[in-house]
Structure formats: C-alpha cells, structure tokens
1. Might you let me know whether the stretch 37-49 holds any residue that is within 16 Å of Glu72 (Cα to Cα) and within 17 Å of the chain's Cα centre (by Cα)?
2. Please verify whether Ile109 is touching a residue at least 24 places away in the same chain (Cβ under 8 Å) and either under 21 Å from Met18 (Cα atoms) or in contact with a Pro (Cβ under 9 Å, 6 or more places away or on another chain) (or both), treating the condition exactly as stated.
3. Any residue at all in the stretch 50-71 that is under 30 Å from Leu29 (Cβ atoms), of a type outside the set (Lys, Arg) and surrounded by fewer than 16 Cβ atoms within 10 Å (Cβ to Cβ)?
4. Would you point out which residue out of Ile37, Ile77 is in a helix (DSSP H, G or I), out of contact with any helix residue (DSSP H, G or I) (no Cβ under 6 Å at 6 or more places or on another chain), closer than 11 Å to Leu11 by Cβ and of a type in the set (A, V, I, L, M, F, W, C)?
5. Among what's in the stretch 80-106 and is in a loop (DSSP other than H, G, I, E, B) and in contact (Cβ under 8 Å) with a residue 60 or more places away in the chain, pick the residue that is surrounded by the fewest Cβ atoms within 10 Å (Cβ to Cβ).
6. Would you confirm whether or not the stretch 20-33 contains a residue that is within 20 Å of Gly81 (Cα to Cα), among the hydroxyl-bearing types (Ser, Thr, Tyr), in contact (Cβ under 8 Å) with a residue 60 or more places away in the chain and surrounded by 15 or more Cβ atoms within 10 Å (Cβ to Cβ)?
Amino acid sequence: MTAYLAPIALLCLSNIFMTFAWYGHLGDLSRPTWLAILMAWGIAFFEYCLAVPANRIGHGVYTTAELKTLQEVITLIIFAGFAVFWLGEKLTANHLVGFALIAAGAFFIFKGPIAA
C-alpha cells in the first residue's frame with residue numbers, strides 16, 4: 001500500500017514547492033527578475049528532491065502515463081488552491097469545467113485499455 005500512496009504524497013509536496021517556484025514571485029513584482037529566478041531555482045531544488053523519489057517509487061506500481069496523469073491532476077489541485085489563497089484570484093465556472101475535463105481524461109488513463 002505504501003508504494004501506491006508514497007508517490008502521491010511526495011508529488012503533492014513537490015507540487016507545493018514547484019507552484020511557489022513558478023508562481024510565488026507574482027505576489028511581489030517589486031523584486032528584480034534575476035532575483036526571482038534565483039529564488040525559484042532554490043525552491044525548485046527541493047521540488048526535485050521530492051519528485052524524483054516519487055517517480056522512482058511510483059514506477060513500481062504505476063505506469064509512466066499514470067504517474068504523469070497523477071502529476072497533472074495534483075498540479076491542478078495545488079495550483080487552484082494557490083491561485084485562490086496566495087494570489088487572491090477567483091476560480092470561475094470555466095476553470096471548473098476545464099479541470100473536470102482533465103479529470104475525465106485521467107479517468108481513462110487509469111481505466112485501462114478500451115476494448116475495440
């Protein structure tokens with residue numbers, strides 16, 4: 001069971017770091033771009049320290065397509081929370097429909113082959 005849950009937990013944590021690395025600087029645009037880049041690289045290092053083990057552990061129980069799909073769904077969930085709570089943006093019905101379509105795609109990735 002750990003092999004199934006550990007990658008998900010690690011990917012959730014890594015996505016928190018990556019979201020801050022990619023978008024956290026948007027909360028304070030007064031910093032010079034070069035400083036934002038250096039700070040993002042520093043944060044991204046910790047993201048990699050979590051993502052690489054997540055994918056290595058996960059590859060034992062998930063296909064590569066399933067791992068990538070988990071990554072994308074987790075990214076959307078973390079990003080949506082970040083956009084609302086950190087950047088103060090509002091999610092609209094369009095966002096929710098788009099996320100639902102991506103979730104539907106994830107369903108088919110995990111469902112397995114469709115009989116022809």
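1. Within the stretch 37-49, the first condition is being within 16 Å of Glu72 (Cα to Cα), and the residues that meet it are 47-48.
Imposing the further condition that a residue be within 17 Å of the chain's Cα centre (by Cα) reduces the set to 47-48.
Scanning the stretch 37-49 turns up at least one residue that is within 16 Å of Glu72 (Cα to Cα) and within 17 Å of the chain's Cα centre (by Cα).
2. The answer is no for Ile109.
3. no
4. Unique residue meeting the criteria: Ile77.
5. Leu87
6. Within the stretch 20-33 (the criterion being within 20 Å of Gly81 (Cα to Cα), among the hydroxyl-bearing types (Ser, Thr, Tyr), in contact (Cβ under 8 Å) with a residue 60 or more places away in the chain and surrounded by 15 or more Cβ atoms within 10 Å (Cβ to Cβ)), the answer is yes, since at least one residue qualifies.
The rows are residues; the columns are (1) more than 25 Å from Gly60 (Cβ to Cβ); (2) assigned to a helix (DSSP H, G or I); (3) modelled with pLDDT of 95 or more; (4) among the β-branched types (Val, Ile, Thr).
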{"position": "Leu5", "(1), (2), (3), (4)": "no, yes, yes, no"}
{"position": "Ile8", "(1), (2), (3), (4)": "no, yes, yes, yes"}
{"position": "Leu11", "(1), (2), (3), (4)": "no, yes, yes, no"}
{"position": "Ile16", "(1), (2), (3), (4)": "no, yes, yes, yes"}
{"position": "Phe20", "(1), (2), (3), (4)": "yes, yes, no, no"}
{"position": "His25", "(1), (2), (3), (4)": "yes, yes, no, no"}
{"position": "Arg31", "(1), (2), (3), (4)": "yes, no, no, no"}
{"position": "Cys49", "(1), (2), (3), (4)": "no, yes, yes, no"}
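The values are calculated or read from the model by the stated rules, or taken from the named source; none is laboratory data. All figures in this text were calculated on a predicted structure; none of them were measured in a lab. Cβ coordinates were reconstructed from backbone atoms using ideal geometry, including for glycine residues, and neighbour counts include every protein chain displayed.
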